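The values are calculated or read from the model by the stated rules, or taken from the named source; none is laboratory data. These numbers were taken from a predicted model, which means no experiment stands behind them. Cβ: placed from backbone, ideal geometry, glycine included. Neighbour counts: every protein chain shown.
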Amino acid sequence: MPNPRPIDPNAPQLITRIEVKTQTDTAPGAGTDGWVFLGLGGREFQLDTAENDFEPPTGGRPATDTFVLGEGANVQNAAGNDPRDPQLQVADLDRHPVYLRFQPRAADDDWILDRVDIAVTGTGGGTVRYYDYQALKDDTGAPKKTLKLSRRSGRVLHLSSLY
């Protein structure tokens, strides 16, 4: 049932939706069946849909996966991964680090990540914060540098806000 009270323009802006897009590299063994978590606003959210996430399809194309938390959720356990319960505020984003955390299923489970894009939507509509990571080519034009997350090389990627 909608709240019959008018919205107070001086009230803190609330987070209503988080959209995370990941791109897994095409290298052999780049995909994973491990668990991936988003840390944002002082909470962790599991990124998991009913699909086979983080696994590149055959044909040499990277795996691009989209995870929606909150409004229009497409993740497993949507209620337990909802930024509206308990309610996160946009101000919470400046108080805590934003990161992806990888939890491998086995000792040799690696995840090779090319790109991450995170858009956070608030009650006013539109994106209120945007975070990203993109593997880039080096100055010599060599192939892009990917990020490998694993038990042996680190499991966390911290992200900075572009706005």
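Contact map, the range 42-56: residues that are more than 8 Å from Val75 (Cα to Cα) paired with residues that are surrounded by 12 or more Cβ atoms within 10 Å (Cβ to Cβ) and of a type in the set (D, E, K, R), Cβ distance under 7 Å, separation 6+ or inter-chain. Pairs shown: Gly42/Asp92; Asp53/Asp65; Phe54/Asp65.
Listed here are the residues, each with its yes/no results for (1) in contact with a Phe, Trp or Tyr (Cβ under 6 Å, 6 or more places away or on another chain); (2) assigned to a loop (DSSP other than H, G, I, E, B); (3) among the small types (Gly, Ala, Ser); (4) farther than 16 Å from Glu19 by Cβ.
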| residue | (1), (2), (3), (4) |
| --- | --- |
| Asp48 | no, yes, no, no |
| Asp65 | no, no, no, no |
| Asn77 | no, yes, no, yes |
| Arg105 | no, yes, no, yes |
| Tyr133 | no, no, no, no |
| Lys145 | no, yes, no, yes |
| Arg152 | no, yes, no, yes |
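With respect to the conditions (1) over 14 Å from Phe37 (Cα atoms); (2) surrounded by 12 or more Cβ atoms within 10 Å (Cβ to Cβ); (3) of a type in the set (Gly, Ala, Ser), Ala78 lacks only one, and its number is (1). Just one of (1) within 19 Å of Leu38 (Cβ to Cβ); (2) at pLDDT below 90 fails for Val128. It is (2). Of the numbered criteria (1) in contact with a Leu (Cβ under 8 Å, 6 or more places away or on another chain); (2) assigned to a loop (DSSP other than H, G, I, E, B), the one Gly60 fails is (1).
Leu69 meets each of the listed conditions (1) of a type outside the set (Asp, Glu); (2) crowded, with 17+ Cβ neighbours inside 10 Å; (3) part of a loop (DSSP other than H, G, I, E, B) apart from (3). Given the condition loosely packed, with under 12 Cβ neighbours inside 10 Å, under 29 Å from Gly70 (Cα atoms) and either at pLDDT 80 or above or not small (Gly, Ala, Ser) (or both), answer yes or no: does some residue in the range 142-152 qualify? No, there is no match, as no residue in the range 142-152 is loosely packed, with under 12 Cβ neighbours inside 10 Å, under 29 Å from Gly70 (Cα atoms) and either at pLDDT 80 or above or not small (Gly, Ala, Ser) (or both).
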